[in-house]
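Before I ask anything, let me first share the structure, which is written out below as structure tokens.
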Amino acid sequence: MATYEEIYGKRVEVLDADPTLTTAYEGQVWYNSTTGTLKSVVASAAWISCTPLITARYETRGAGTTTAALCIGGYTTTTLANTEEFNGSGWSAGGAMPGVKSASATGGTQTAAFVTGGYPGPGGNTNTYEYNGTSWTAGNALGTARRNFVGAGTQTAGLALGGMYDPPDTPLTATEEYDGTNWTSGNAMGTAASNSGSAGIQTAALNIAGFNKPNNTAVTEEYDGTNWTTGGSVNTTRQSLGGSGTQGAALAVGGGNPSASTATETYDGSSWTTSPASLATARLQQGAAQSAPGSTGLAFGGLAPSPYLSAVEEYDFSVSTFTAAAWSTGGALGTARRNLGGAGTQTAALAIGGEAPRTGKVESYDGSSWTEGPALNTARNTLGATGSSTAALAFGGEAPGPSSATETWNGSSWTTSPNSLNTATRSNAGFGTTSAAINMGGYNPAPAALSTVEEWGGSSWTTAPNSLPAATANLMGFGIETAGVACGGYGGGTYVTTTSEWGGSSWTSSGAMITARSHAAGGTGSQTAGLISGGYIATGPTSTVEGYDGTAWSTRPSLGTARSQTGGLGPSSLSTAGLVSGGYITTDQSITEEFDGVAETVNAKTLTTS
């Protein structure tokens with residue numbers, strides 16, 4: 001038998017402590033002399049929770065990969081036409097289909113996908129649509145109208161497999177191939193099936209399990225571009241499952257027989273193995289990222305068995321353990337309040353002013369608890385704030401009328417600037433640092449909002465020649481003085497989704513927010529990586545969170561507690577490390593929540609004999 005040294009060209013290292021691990025350690029072996037254990041880094045499988053869909057649904061279909069996926073159509077109380085796009089962190093609204101669809105066949109990538117057949121129609125339809133990453137256009141019709149079927153392949157080399165039609169509601173063996181223009185009949189499957197899973201490409205595809213009247217089937221069939229042959233059967237017989245990967249490395253996920261399952265199985269080209277990694281939420285009739293490689297997977301929506309789901313989970317077979325992005329409870333503010341300002345980072349933050357009653361109190365956060373420090377010289381609420389825990393700027397606000405006061409914090413005391421805002425304002429927002437900042441919008445007086453923009457040069461304010469594109473109050477902002485974002489708020493008598501980017505001298509319009517809101521926690525992140533958390537929407541306080549990538553907004557994990565009028569962090573924070581404090585529900589709040597993005601840890605495993 002070959003030795004480790006002969007295989008890898010090196011001897012087993014003897015160390016008194018485990019090394020700092022990276023993915024480069026995969027397969028390497030070392031001996032920890034302190035613990036007397038032989039260790040290595042080996043891959044394992046796990047599912048983690050991801051940011052949920054914007055719209056919960058079932059009978060949805062998917063395309064793409066775990067970092068660039070599509071959720072296409074589906075059903076709630078009605079059949080849907082909407083599309084959602086996943087960027088690896090959250091979901092954003094994509095282009096709507098020309099018509100509604102559910103239980104259809106799909107394939108391709110996020111920027112080149114197809115969808116065909118499915119509901120509506122007495123037994124399905126033949127409509128085909130193609131997606132270019134922005135919008136859907138109609139393609140040529142499928143040959144056989146059907147529903148509850150699956151697709152595989154790409155937009156220019158796709159497959160439509162099995163399904164059923166009414167009457168007589170009987171599963172089909174029909175296979176059709178798509179060349180990007182026309183559908184043509186291929187050879188029939190050996191086993192009729194609807195509600196299957198699928199994986200692969202047009203010349204190397206899988207049809208996985210499904211319903212074969214009157215029972216479910218465990219049969220897997222393999223397609224080589226011409227003929228079907230029987231492959232290995234799944235271990236858990238089921239229908240309405242998700243499938244992804246390739247013919248030689250596939251996943252079968254969830255489904256029902258008849259109740260919803262958490263089972264995950266992996267395929268190696270000949271047989272299925274039940275994975276120790278199960279879905280956290282049992283589901284059937286879900287969507288899957290069909291083009292994801294066999295080492296990753298994405299399951300979204302579905303039934304569990306009811307109601308329909310927005311829950312999303314990601315599968316990884318890796319040497320790393322992934323911790324899902326989430327909000328967690330931090331230390332409570334010493335003084336419950338709303339309409340406060342925020343600055344700093346998640347582990348070094350300031351909560352500035354607020355109400356009720358109106359206060360100048362300032363508390364500092366060290367990552368676990370808040371401590372009251374020197375107060376503002378002018379007590380106020382609904383103010384703008386930015387900067388760090390040792391160099392902050394507080395400006396405007398209500399004290400009790402609109403204020404022009406500007407104060408700077410040097411880490412130990414607040415100093416009132418002799419140069420105030422040129423236009424007194426409250427319910428304003430801003431971004432930047434103590435040496436270069438922006439103030440924008442607000443009221444003076446309500447209900448007419450301001451479009452005024454002022455620039456802070458480190459000692460005084462100058463009114464910018466280019467105002468906000470629209471007068472807005474209670475808006476949110478983040479970034480730096482030469483690259484900032486203004487978003488949301490209340491203007492023109494309504495909550496708005498408007499997003500505008502500041503380039504240092506002028507504003508340009510960008511992608512709209514998903515949810516119109518005001519009074520949210522902003523000030524977190526940069527122009528290409530920001531978070532907006534909670535706030536007030538038409539129906540009241542919300543827990544929803546959105547992230548901005550410099551072009552578009554997508555969903556993020558929601559706050560644990562829905563609330564508005566909170567304080568958020570300053571622009572030195574990353575979108576992967578946020579903080580929201582205080583706020584209002586029906587009373588003032590002292591709640592603090594901390595946001596942490598997905599964390600990756602490479603784990604060492606102890607090797608034993610058996």
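What follows draws every value from the coordinates through simple rules; no lab data is involved. Small disclaimer: the values here were computed from a predicted structure and weren't measured. Note: ideal-geometry Cβ built from the backbone for every residue, glycine included; neighbour counts use all protein chains shown.
Quickly estimate the mean residue ellipticity at 222 nm for the chain, helices only: each DSSP H run with n ≥ 4 gives -39500 (n - 2.57), and the total goes over all residues, rounded to 500.
Mean residue ellipticity at 222 nm (helix-derived): 0 deg cm²/dmol.
I'd like to know how the stretch 433-566 sits against the 2.2 N^0.38 Å rule of thumb: what's its Cα Rg over that expected value?
Rg over 2.2 N^0.38 Å, computed on Cα atoms: 0.99.
State the Cα centre-to-centre distance between the stretch 411-436 and the stretch 212-239 in whole Å.
Each part reduced to its Cα centre gives a spacing of 67 Å.
What's the center-to-center distance, using Cα atoms, between the stretch 35-72 and the stretch 111-142 in Å?
Value for the Cα centre distance between the two parts: 26 Å.
DSSP loop chymotrypsin sites (Phe, Trp or Tyr not before Pro) in the stretch 186-234 with at most 16 other Cβ atoms within 10 Å of their Cβ, which ones?
Answer in residue order: no site qualifies.
From the residues S526, G158, N187, which one has its Cα farthest along the dipole of the chain in the positive direction, the dipole being from +1 and -1 charges on Cβ of Lys/Arg and Asp/Glu about the Cα centre?
Of the listed residues, the answer is S526.
Where does the longest stretch of the chain lie that holds no trypsin sites (Lys or Arg not before Pro) found in a DSSP loop with 16 or fewer other Cβ atoms within 10 Å?
Longest stretch, sites excluded: 12-610.
How big, on average over all directions, is the shadow cast by the Cα convex hull of the stretch 219-258, in nm²?
For the Cα atoms of the stretch 219-258, the hull's average projected area reads 3.0 nm².
Rounded to the nearest 20 debye, what is the charge dipole size of the chain about its Cα centre when +1 sits on each Lys and Arg Cβ and -1 on each Asp and Glu Cβ?
Once rounded to the nearest 20, the dipole reads 1180 debye.
With each label point set 7 Å from Cα along the Cα-Cβ vector, what nm distance links A24 and A141?
Simple spin-label model gives 6.0 nm for this pair.
Can you give the charge dipole size of the stretch 327-596 about its Cα centre, rounded to the nearest 20 debye, using +1 on the beta carbon of Lys and Arg and -1 on the beta carbon of Asp and Glu?
Magnitude of the dipole: close to 460 debye.
Is the C-alpha gyration tensor of the stretch 375-470 telling us rounded, prolate or oblate? Criteria: a/c under 1.5 is rounded; beyond that, a/b larger than b/c is prolate, otherwise oblate.
It is oblate, given that a/c is not under 1.5 and a/b is not larger than b/c.
Give the shape of the stretch 46-318 as rounded, prolate or oblate, defined through the alpha-carbon gyration tensor: a ≥ b ≥ c are the square roots of its eigenvalues, a/c under 1.5 means rounded, and otherwise the shape is prolate if a/b is larger than b/c and oblate if not.
rounded
How high is the relative contact order of the chain, in percent, with contacts defined as C-alpha pairs under 8 Å that are six or more residues apart?
That works out to 11 percent.
According to the square roots a ≥ b ≥ c of the eigenvalues of the Cα gyration tensor, what is the shape class of the stretch 489-595, taking rounded for a/c under 1.5, prolate for a/b larger than b/c otherwise, and oblate for the remainder?
It is oblate, given that a/c is not under 1.5 and a/b is not larger than b/c.
How are the alpha carbon pair distances in the stretch 327-596 distributed across 10 Å bins from zero to the largest one, expressed in percent?
8, 37, 40, 14, 0
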